[in-house]
Amino acid sequence: MSRQLIFILIALSVAIPLVIKLGLPNEVTSEVMAVYEEIDQLDSGSVVLVSFDHEASSLPEIKPMAQAVLRHCFNRKLKVVGLALLAEGTAIGEQILRQTADEYGVDYGEDYVFLGFRPQYQAAILGMGEDIKRVFPEDYKNIPLTQIPIMRKIRNYENISLVISVADGDMPVWWVDYAVSRYHMKLAVATTAVMATSFYPFLSAGQMKGLLGGLKGAAEYEMLIKKPGMGQRGMDAQSVCHLMIILLVIAGNVGYYLKK
Amino acid sequence: MHTGTLIAAFLTLCIFSFLYKDNPFYKFAEHLLVGVSVGYVLVIALNTTLMPKLLNPVFKEGRFDYIIPGILGLFMLLRFFPKYAWLSRISIALIIGAGAGVAIPATLQAKIFAQMQATMINFASVDGIIVFAGIATTLAYFFFSKEHKGWFGTSARVGTWFLMIFFGATFGYTVMSRISLLIGRMQFLLGDFLHVIK
Amino acid sequence: MPQETNMQRTIPIIVCFIFGLFMLVQFFVPHHASISAYQTVLDWMQIIFVFTLLVGVISYAKLNAKKITRTQTGWGYNLIGLIGLAVMIILGLSMGTGEKTPFLWMFNNVQAPMQSTMFSLLAFFVASAAYRGFRARSWEAGLLLAVAIVVMLGRVPLGNFISHWIPDAANWILRTPSMAAKRGIYIGIGLGTISTSLRIILGIERTYLGRK
């Protein structure tokens, strides 16, 4: 089979289910349920810190997850503090946070804030454990944090109920190393599928409270909050394309053994 | 249709054109992407970090103690001048040294004690024993100070089975991840650009 | 390259030792003076790190400028890269980076679509590689292949549609044997991190200083 034919098969196995809906039923895994429950049990007014630790390359996976989690946070009337530990997460994080906040009619400065980007994540994570205002003297709009109502009551991790790292790399491991171990923070993770298998030891040890893994994780979370979005819309295509790759693997092996 | 959508669609197709073969459209998009990405990082770093963390404290608040990290930062730029390039090592040494200092207790707590504790707490079950065996044999596989022979060699061999299971699961998830990205781009092309799907 | 003196290697090693030892000891000394000094060091790390990003940007610009001035093959593409860099810097520094700025427009319509498309190409290459190279040539390779198939099916709605055993098996694999292997890897990484960190602080590991 030529390379071009394989490419065409993959493109079709993604495109056709996007146009013609199959409606395959999805199920929620316990890892995703754990994130939902962790957020759901917080009292309204509790502060959640959402860190956009990703690049633009993973946007199609990151955006649905971040949107679903933020929708849940705003629906539960939680306060959200956003920031980015990778530069490209800044523009993406700020926009997702602003757009989702607009859906729920919540106010900047009162109900949510976006602090911007800090390099050297080791120092940034540790520094926030002592004093967030020292790490971020100003927010992304260059307003001093002392003038932002939501930040007046927040000094460090002691005033934050949950950290959510929306990541496409191993940044959640840094959060575990420095925020969970040293400051006993609760951490939930929304990560690209490619990284998900690496975080199970932390889940099992209770260092991560829950895990959303890629578009499938987003689809599960959308089911839980009953707000269908990009995650659920992509699940049929994901299923068909996985089946196509499995068939290609089987065909390759059958051909190999027949030749042998 | 918005100009932005048209441009994004054109650039998306330029990148996809690589699937046929390397071509000028792909090369154009590739170089543009690198340039724009580098520019983006620079602007974000200057606007959101250098200004509030260094320039404002020194010039607006008169915090002259911040001149020290400023000078250490400027040492980094001396890498471009061979005669003074060695000064950048002082700045690198500070970051590497301080990073190593905080890493020791954090790693001990997060990656050793907590992981061992979680293993032992769940030990009294079939899965717990499998996990224990998996960790012990995986560590045996990566232990190269003893020859992989006899009972130790068998342990290391079992370790490779556990590793293969991990790699298989990771491969499955990697496929899932890459397809999700493709779905995202297809949703853009078929939805925002061509309006074939809602 | 100018001749290197002993001092040029000794000073960084001393700086590394002092800051490394302080940050290590500080963990066990929660005195306010110690915390204040610790916060200062963390601030310094972030400020210095911004300059390391600048080094990357300058290197990129220098490399491209060199190729253009020498009119090397494909110099036109290097020019496009430099134009992209210049446009982002000019837009970002002159008009800001917030909502409805040209800088954000460039990010949303040029950078982000291209970057995610670039990574989505891998879906095609993964499929092609799976067809050509993913062979059950040995017991280990067969195990890897079988696990990959179970996880690929078990993690999408189709797996559950065929039988609930498939997602159950995928979940067990992820939570038990796969997790065990990764935990073993993490413990190994942890031990390696600690020993390397100690070697760095004590000045035994000096590769970060570059070659003599």
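Since every read-out is calculated from the coordinates, none of them should be taken as a lab result. In this text, all values refer to a predicted model and were calculated from it rather than measured experimentally. Virtual Cβ from ideal backbone geometry, glycine too; neighbours counted across all protein chains shown.
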Just want the answer: with Cβ charges of +1 for Lys and Arg and -1 for Asp and Glu, which residue in C:L79, A:G93, A:S13 is farthest toward the dipole's positive end in the protein assembly as shown?
C:L79
Kirkwood-based Rg to Rh ratio, chain A, C-alpha trace:
1.04
Give me the mean projected area, in nm² to one decimal, of the convex hull enclosing the Cα positions of the protein assembly as shown.
31.9
Quick one: angle between helix A:59-75 and the longest Cα principal axis of chain A, in degrees between 0 and 90, rounded to 10, please.
50
Output the Cα-based Rg and Dmax of chain C in Å, rounding Rg to one decimal and Dmax to a whole number.
25.9, 71
Which listed residue (C:A181, C:L153, C:G210) has the Cα farthest towards the positive end of the charge dipole for the stretch C:117-212, taking +1 on Lys and Arg C-beta and -1 on Asp and Glu C-beta about the Cα centre?
C:G210
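List the DSSP H helices in chain B whose Cα atoms stretch 24 Å or more along the helix axis and whose mean Kyte-Doolittle hydropathy is at least -1.0. Don't skip to the answer; put the middle values down first.
Working: long enough: B:24-45 (32 Å, 1.35); B:88-107 (28 Å, 1.49); B:150-187 (55 Å, 0.76).
Span-like helices here: B:24-45, B:88-107, B:150-187.
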The stretch B:161-186 versus the stretch A:190-224: alpha-carbon centroid distance in Å:
14
Going toward the positive end of the dipole of chain B, with +1 on Lys and Arg Cβ and -1 on Asp and Glu Cβ, which of B:A9, B:N47, B:G70 do you reach last?
B:G70
What's the angle, to the nearest 10 degrees (0 to 90), between helix A:87-103's Cα axis and the longest principal axis of chain A?
80
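Explain nothing, just the number: dipole magnitude of the stretch B:42-98 about its Cα centre with +1 on each Lys and Arg Cβ and -1 on each Asp and Glu Cβ, in debye rounded to the nearest 20. If you can, show how the numbers build up before the last one.
Values: 6 positive and 2 negative charges, 31 e Å.
Dipole about the Cα centre, nearest 20: 160 debye.
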Explain nothing, just the number: relative contact order of the stretch A:162-205, from Cα pairs under 8 Å at least 6 residues apart, as a whole percent.
48
Which whole DSSP H helices in chain C pass both tests: a Cα extent of 27 Å or more along the axis and a mean Kyte-Doolittle value no lower than -0.5?
C:7-26, C:32-69, C:75-95, C:112-133, C:177-201
Anything over 22 Å Cα to Cα? Flag those among A:K77/A:K153; A:K133/A:K153; A:K21/B:K198; A:K79/A:K141; A:K63/B:K27; A:K133/B:K53, in the order listed.
A:K63/B:K27
To the nearest 20 debye, what charge dipole does the protein assembly as shown have about its Cα centre, counting +1 at the Cβ of each Lys and Arg and -1 at the Cβ of each Asp and Glu?
1840
Starting from the Cα gyration tensor of chain B, multiply each eigenvalue by 5, take the square root, and state the resulting semi-axes largest first in whole Å.
43, 36, 19
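In debye, nearest 20, what is the charge dipole magnitude of the stretch A:24-230 about its Cα centre with +1 on Lys and Arg Cβ and -1 on Asp and Glu Cβ, if you could check?
Numbers: 19 positive and 26 negative charges, 86 e Å.
Value, rounded to 20: 420 debye.
Given 37 °C and 0.692 mPa s, how large is the Stokes-Einstein diffusion coefficient of the stretch B:122-198 in µm²/s, with Rh as the Kirkwood radius over Cα pairs?
210
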How much of the DSSP beta bridge set in the stretch A:24-230 is antiparallel, as a percent to the nearest 5?
5
So if I take the centroid of the Cα atoms in the stretch A:48-105 and the same for the stretch B:82-138, what is the distance between those two points in Å?
29
If you fit an axis through the alpha-carbon atoms of helix A:30-40 and take the longest principal axis of the Cα set of chain A, what angle between them do you get, 0 to 90°, nearest 10?
30
